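The values are calculated or read from the model by the stated rules, or taken from the named source; none is laboratory data. Bear in mind that the values here come from a model prediction, so they are computed numbers and not experimental data. For neighbour counting, all protein chains shown are included, and Cβ atoms are generated from backbone atoms with ideal geometry for every residue, glycine included. Please note that ligands, DNA and RNA were not included when accessible areas were found on the heavy atoms of the full protein model with its side chains. Shrake-Rupley method; radii C 1.70, N 1.55, O 1.52, S 1.80 Å.
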Amino acid sequence: MGPSQKPNVCGRLSRRALGFFSRDAGMVQRTNLGILRALVCQESTKFKNVWTTHSKSPIAYERGRIYFNNYRCCISSVASEPRKLYEMPRCSKSEKIEDALLWECPVGEMLPSPSDYKSSLIALTAHNWLLRISATTGKVLEKIYLASYCKFRYLSWDTPQEVIAVKSAQNKGSTLARQAGIQQPVLLYLAVFHVLPFSLIGILEINKKIFGNVTDATLSHGILIVMYSSGLVRLYSFQAITKQFMQQKLDLGCACRWGGTTGTVGEAPFGIPCNIKITDTPPLLFEVSSLENAFQIGGHPWHYIITPNKKKQKGVFHICALKDNSLAKNGIQEMECCSLESDWIYFHPDASGRIIHVGPNQVKVLKLSEVENNSAQHQISEDFVILANRERNKNENLPTVTASGRVVKRSFTILDDDPEQETFKIVDYEDELDLLSVVAVTQIDTEGKAHLDFHCNEYGTLLKSIPLMESWDVTYSHEVYFDRDLVLHIEQKPSRVFSCYVYQMAGLSHHAEEGVMWPPNPSLQQQCVQRQDQKVREKTAFVGRQII
């Protein structure tokens, strides 16, 4: 069955004006987004390149904000033309922001200060300060000094918008120590905080004596994930570790005596002592071996995706039940393609339990369902497939006639990611408009041309295609964001030159046959795209819990 006929935009606007909604508090917002989706996907809608800029430092994008100069300069992309929100004063190299996360306050919770209800940037500096910065003014609202005994470098969400994990660089020791065979007992540290108001859970050390030769470790949804060079992945309960091995509970801003030294927790130079030291092997929750430590959990009920831990198995994915490690029916997924770049797979971030498998010339959306007459087993089947728009090479299989009259058939295969063929490069999901966005690239003469396609998330139907005006070099690194009525392309060129191209939805013409008029009044566009800062929406942490 195809999608059912939905009311046109004018009908929706009329019903909204008359208040024809249920008592559901989110109904108006959903109606507004439905109107915006209809306008975005309308045939006459154009996306115009309104701004292009270049930078010598990395460019980042979060929720309508573009960050330059290591997050010290913020540009709003919500206005008709991007405008500067703030620029923080110049700083020394030691004060440079290493990593950052955007925090948006949860709905329905009482917070201690009125400023806490506005979005903040949680930033980690090169000299181990954790800052909370106003996302609209750039003012530093809070600051915490972490420690001097290690170098903290990475920020991530443990629980999106609630708990953050600050990870240190790995302690590999000095060259002289390694040459002398001196082993470093502590490999890395994880500092864990509740956010807004900031409160310390603890700092955990990952040491070699307990965990062995660890290559990496991280936290996700209360699970400590430890990885090894052999491909082994082990999962532990962080809550159980904290309960068993916390030496002393520490409170930010309070006096503390630790190791013969007295100071204030979270203030320089004392910082935060490491108060969670594991002295015995903690209970193991789960263990699996996978090529390159690739491991994901998701689906309904819980399943996980791995690649068998052999190099020749690269590109083969096994989908197994988490409860008993049993392979799902049709659970071995292998895309039959010949390409330089491997395909990739992940749980769909729309919480449907589906799986997205992306190759150079097709995007498969797979669904997980019970096997008929056997509710204990689950099977994988295709929900829909998106195919690249390709024409078969007419000269590919033509025979060649030699001078003697002998017919010779040429035997060669064109790569599935051949640059002269349309190739999929990026697949993303716009959760508010419920659209899949797919970037397809084709090499034309000496330069590549890309277009961004919007597909129905339920049926895979192509609804809209937007050409990107700038050339696309497949040897460069690219990021493309589709956020409501905005498309943003970030490109990294050689010699650390970064470029940013911003596209916005342009005005529409009148369509009497569809009942669409844009804009019916000057404020409608602002009403349709009005952003709710209180909506909790974590783009990088999938609902499907793609943890590695």
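Below are the figures for this structure:
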quantity	calculated
Set of lysines with alpha-carbon distance to K167 below 16 Å, sequence-local pairs under 8 removed	K151, K277
Point-to-point label distance, I444-T159, nm (Cα→Cβ direction, 7 Å offset)	5.1
Peptides 45-51, 353-359, 224-230 ordered by average Cβ neighbours within 10 Å, highest first	353-359, 224-230, 45-51
Rounded, prolate or oblate (a/c below 1.5 giving rounded, otherwise prolate when a/b exceeds b/c) for region 412-503 by Cα gyration tensor	oblate
Whole-Å distance, taken between Cα centres, linking region 273-312 and region 447-481	34
Cross-link partners of K46 among lysines (Cα-Cα below 23 Å; sequence separation of 8 or more within a chain)	K6, K425, K449, K464
Region 318-371, accessible area per residue, ligands and nucleic acids excluded (1.4 Å, Å²)	44
Phi to ³J(HN,Hα) by Karplus 6.51 cos²θ - 1.76 cosθ + 1.60 over region 379-387, Hz, x for Gly, Pro	10, 9, 9, 6, 8, 7, 10, 9, 9
Shape category assigned to region 91-289 from the gyration tensor of Cα positions, a/c cut at 1.5	prolate
Calculated FRET efficiency for the pair Y86/E470, C-beta based, R₀ 41 Å, to 0.05	0.90
Pairwise centroid distance, computed over Cα atoms, of region 344-377 with region 208-236, Å	27
Accessible area in the full protein assembly, largest first, 1.4 Å probe, for W157, W344, W129	W344, W129, W157
Amide proton proximity set for Y429, modelled H, under 5 Å, gap of 5+	S437
Net charge over other residues, Cβ less than 12 angstrom from the Cβ of F317 (K, R count +1; D, E count -1)	0
In nm, spacing of pseudo-spin labels at E391 and E267 (7 Å Cα→C-beta vector)	7.3
Förster-model FRET efficiency, 35 Å R0, Q362 and K48, C-beta, rounded to 0.05	0.70
Accessible-area composition of region 91-289, carbon plus sulfur, in percent [1.4 Å probe]	52
Computed label-point distance, nm, for sites E370 and S113 using a 7 Å Cα→Cβ extension	5.2
Accessible area in square angstrom per residue, region 91-289, 1.4 angstrom probe	46
Fully extended contour minus Cα-Cα distance, from E479 to S94, at 0.36 nm per residue	135.8 nm
Protein accessible area in region 300-363, 1.4 Å probe - carbon and sulfur %	51
